[in-house]
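One structure is given below, encoded as structure tokens.
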Amino acid sequence: MNAQIQAVDKDEIYEQRKREDIIDRQLLEAVARQRDEGAMESLYHRYQNRLIPFLHRLTSDDALIEETFNEVMMNVWRKAHQYKGQSMVSSWVFSIGYRVCLRTIKKAKRISEAEHQLLQHSDANESYNFDPVNHLKQALNQAMQQLKPNHRLVLELAYFEGLSIKEISVIAGRPENTIKTRLHHARLKMREVYGDSDGF
Amino acid sequence: MDFEASIPDYINHHLSESELALFEAQLLKDPSLQAQVELERRLRHQMREPNLPQTRPNFDTFSKALNPRPWWTHNFAWSAAMAIAFVAVLGLAYFPIQSDNAEFRTLSSGQAIQAPVIRIVLHDFSELDKLAATYDLEVISLYPTAQAVDVTPDNLSDEERARLMQDHRIRLLKFLEPGTF
């Protein structure tokens with residue numbers, strides 16, 4: 001019964017993604033062949049809904065999010081003719097985003113460390129109200145930030161974008177086994193934190 | 001099949017039918033795998049952020065960068081503007097703008113009249129009308145501050161010409177060559 005539900009869900013998701021990909025391909029082709037800015041605008045808005053939440057999980061810095069998103073979309077504009085059609089357009093866009101995001105994570109980490117140092121002094125005198133739910137979220141968030149950037153991205157793509165290991169391997173340009181290993185280590189780390197905090 | 005590594009694909013509905021059947025079968029008999037799947041689901045649920053207001057980058061701003069003008073076109077435009085300005089300044093230096101406005105006309109201002117012209121300086125400028133009527137002179141230019149006037153004689157006879165040269169109302173008289181003043 002459970003397997004049947006899973007199969008139905010899977011078919012629906014697959015059909016939905018296929019429809020999305022057909023639209024993406026048409027838009028990307030118009031960008032590549034005609035340098036159509038209208039098509040680019042459509043792609044820009046379509047991927048805003050997918051990439052911005054992804055970027056928001058990497059950093060809370062709005063300026064950095066906008067900069068990263070625009071850099072990804074600028075690469076899409078410039079490299080549209082390089083898309084060979086072997087993978088889904090979304091995988092191709094995410095593969096561009098993957099490389100840009102690796103840099104973003106490093107940049108965000110530097111900003112976060114600087115902010116943390118600044119806040120340490122002001123927080124020292126403030127009373128601390130313990131909130132178990134937020135504490136767990138914070139702990140998981142911190143654990144995410146401590147992961148290696150390429151481990152973190154793989155986890156983000158699997159957990160929040162719902163991509164398959166095969167798709168992530170295309171995006172990251174690494175064999176599936178490498179992705180499985182990265183995912184394994186990342187999940188292990190998160191489980192450790194979750195296990196430690198679960199008692200609260 | 002590596003069941004542990006397949007958990008993300010199972011939760012994300014990416015297993016093929018045969019893989020799914022295998023996984024489900026294992027899941028039924030393996031409490032450890034069940035616990036891992038459950039833990040994975042709870043973990044994802046915990047990490048999911050509520051819908052927060054998110055940054056919305058603006059396409060209009062972005063679109064300006066889609067087809068930027070190459071740097072040399074900026075320089076070219078700047079250089080062209082500078083060259084035009086330079087030529088204009090140089091041109092004005094050699095060929096100043098000439099005005100027909102009498103307010104700015106001076107005795108040294110050149111005029112383009114191809115007719116005999118007499119420049120007369122009067123003792124009393126108010127006598128000009130009478131003088132012009134006497135000799136049938138047509139006034140071309142007035143220089144009130146200098147009490148002077150340029151006139152062109154209309155068929156001035158030699159006799160009239162001689163009288164004009166000795167007219168007591170005139171302080172100074174000079175015949176100017178046509179086109180030279």
Karplus couplings for the range A:183-189 from phi (6.51 cos²θ - 1.76 cosθ + 1.60, θ = phi - 60°), rounded to Hz, Gly and Pro as x? 5, 4, 5, 5, 5, 4, 4
Calculated SAXS-style log₁₀ I(q)/I(0) at q = 0.20, 0.29 Å⁻¹ - the range A:15-58, Debye, Cα scatterers: -0.68, -0.96
Give, as a single signed number, the net charge of other residues whose beta carbon lies under 12 Å from the beta carbon of B:Gln166, with Lys and Arg counted +1 and Asp and Glu -1. 0
³J(HN,Hα) across the range A:96-109 via Karplus (A = 6.51, B = -1.76, C = 1.60, θ = phi - 60°), whole Hz, x for Gly/Pro? 5, x, 4, 5, 5, 5, 4, 5, 4, 4, 5, 5, 4, 5
How shielded is A:154-165 by partner chains, expressed as the average number of their Cβ atoms within 10 Å of its Cβ atoms? 4
Return the lysines within reach of A:Lys189: Cα separation strictly under 29 angstrom, same-chain partners fewer than 8 residues apart disregarded; answer none if there are no such residues. A:Lys10, A:Lys106, A:Lys107, A:Lys109, A:Lys137, A:Lys148, A:Lys166, A:Lys180, B:Lys29
Scalar couplings 3J(HN,Hα) for the range B:28-35 by Karplus 6.51 cos²θ - 1.76 cosθ + 1.60 (θ = phi - 60°), nearest whole Hz, x for Gly and Pro, are 5, 9, 10, x, 5, 5, 4, 5
Average beta-carbon neighbours from other chains, 10 Å sphere, peptide B:13-20: 5
Under a plain spin-label model, where a point goes 7 Å from the Cα along Cα-to-Cβ, how far apart in nm are B:Ser126 and B:Val87? 5.6
Give the residue list of chymotrypsin sites (Phe, Trp or Tyr not before Pro) in the range A:60-110 that are DSSP loop and have at most 10 other beta-carbon atoms within 10 angstrom. none
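Values in this text are rule-based calculations from the coordinates and carry no lab data. These numbers were taken from a predicted model, which means no experiment stands behind them. Neighbour counts are summed over all protein chains in view; Cβ atoms, including those assigned to glycine, are modelled from backbone coordinates with ideal geometry.
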